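Structure first, commentary second.
Just so it is clear, none of the values below were taken in a lab; they were calculated from the coordinates. Remember, predicted model here, so these are calculated numbers, not experimental data. All Cβ positions, even for glycine, are placed from backbone atoms using ideal geometry, and neighbour counts span all protein chains on display.
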Amino acid sequence: MELKLLEDKENKLFGRHELSIEASYEGKTPTRDEIREGICKKLGLSPDTLDIIRIDQEYGLRVSKITAYSYGSKESMDRFAKKYKEKKPKKPADASPAAAAGAPTAEKKE
């Protein structure tokens, strides 16, 4: 994966740098963790203070545009960053789509 820093804007109010990055890659789109690791390695940032906000990719292209925030400290990140994983509702693993929709199941008569 090749990363290119497009813009680095400082936001003093929130104590962070707002980064625009372009990622080129082969194969499937990298995960948030892979992108976080690559950005931290390239820019010398701490993974604890980097928040990936958005990954935009157009269909068929092997290029993504990434918006990320790099905070000055872990405390400021905890204060201002959104908690993405807490907002997602958990789905039961064994539920079928028909059962989730509330559709009655057809019973076999003999």
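Structure notes:
- Residue that is nearest to residue 75 (Cα to Cα), among those in segment 37-48 that are touching a residue at least 24 places away in the same chain (Cβ under 8 Å) and in a helix (DSSP H, G or I): 48
- Tally of residues being closer than 20 Å to residue 59 by Cα, surrounded by 12 or more Cβ atoms within 10 Å (Cβ to Cβ) and under 16 Å from the mean Cα position of the chain (by Cα) across segment 4-33: 7
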